[in-house]
Each structure stands twice: as C-alpha cells, then as structure tokens.
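**Q** Okay, handing you the structure first.
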Amino acid sequence: MISVENIGILTSNLTLNRMKKLVKIISGSILLGIFFLASSQVTAQTTKEEFMSKWKNSKQFTLDVLNKMPDSGMDYKTDPAAMSFKEQIHHIGSAIVGISQGYLMGSQPDFTLDLATATKAQLADYVGKCYDYGSKTMAALTPEQAKEMQDVFGNQVSRNQVMALLMDHSTHHRGAAIAYLRSNGVEPPAFVGF
C-alpha cells in the first residue's frame, strides 16, 4: 500500500530527476553556444600579412625540397603516367604564374624556363621567381579586388580564395615531391610551420 509519506518521497524523486535533466539541458546549451562561438573564431581567415609570411615560407620550403634531390633523381617518377620530380617542382611555379595572371590580375612575367634543358639551379631560380611574381601580384590587390567574385574553374570564388588555392596547390605538389625524395632514400627537409 502506498502511503502519503511514500507519495511525498516519490514526488521529491521525480522533481529531483526533472531538475537534473533541466540542469543538463541548460549546461549542454551553454556549452554548445560556447563551441559555436569558438569555432567561428577558429575558422576566421588569416590576414593578408599572415598569408604573405606563410607564402614566403612556402617558397623556401619548396626550394629546400628541390635542393635535397640529387641530380640523378630529377627525372624520377613513381609511375610512368606520373610527373617526374622536376616536373612536380616546375608545375608548382608555372601554376603560380598562370593562375596569378588569369585570376589575380597579374601582368606578363619577364621570365620563362625550358624544363627539358634546365639544370637544377635554373629550375630553382625559376621557381623562386614564380613565388616572387605571385607575391608581387597578391600584394598589389586592394582589399576590394581581393573580395571580388569571379568564375574560376567553374566555381564562383573571391580572389582571396584563389590565393588560398595557390597555397593548397603548392602544398599538394610539394608533398608529392617529398614522397619522391623518400622513395630515393633522401631525408626531406624539416617542415617549418611559421
């Protein structure tokens, strides 16, 4: 038989359980709000100055990777259909120039390279000039120009996004070149993040 005292205890337990659930819901909501606020701060883009500093590091890292490969490995390929090591490095530079001209308002460059006859030193000079050309082109963009949207490879993106694409593209092909170094028993240069 249920007594008045047992009903009181049962009611207290139900109220306590409801209170615990309410505290969990409120706490979870507060934590979720903090998470969304923090994640919006984390995903903010870097400033142009920060990007340009990272771009300078990308240039040096690419040249370091190139300089690590012995001359005997410059034509190395992981597969007959793949680019050779020197083609990977050349592609980084030529893409910087082509994309900067086509989408970042870059002028006509005053340098070229015949990859078939180029030495490693000439390739290094070319890639350095390509990075410098990209730096000059990106630095010349006004904040308004950098935000302008345009069609790039079938996507509507800003010039800021094109700059990020260039960084990602360079990283992608440099990463492949690093794998080529390792395949040839060469220790790649240490990564420098900042």
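Read-outs: derived from the displayed coordinates by stated rules, not from any lab. It should be emphasised that the depicted structure is a prediction, and the values quoted were computed from it without experimental measurement. Here Cβ is always computed from backbone atoms with ideal geometry, including for glycine, and neighbour counts include all displayed protein chains.
**Q** So is Leu123 in contact with a Lys or Arg (Cβ under 7 Å, 6 or more places away or on another chain) and either exposed (fewer than 13 other Cβ atoms within 10 Å of the Cβ) or closer than 22 Å to Gln161 by Cβ (or both) or not?
**A** Taking the combined requirement at face value, the residue does not satisfy it.
**Q** On the given criteria, is Leu181 over 19 Å from the mean Cα position of the chain (by Cα) and not in a loop (DSSP other than H, G, I, E, B)?
**A** Judged against the criteria, Leu181 is a match.
**Q** How do the helices (runs of 4 or more DSSP H) wholly within segment 58-156 filter down when requiring 3 or more residues that are under 19 Å from the mean Cα position of the chain (by Cα): which remain?
**A** Fully inside segment 58-156 and qualifying: 85-103, 120-140.
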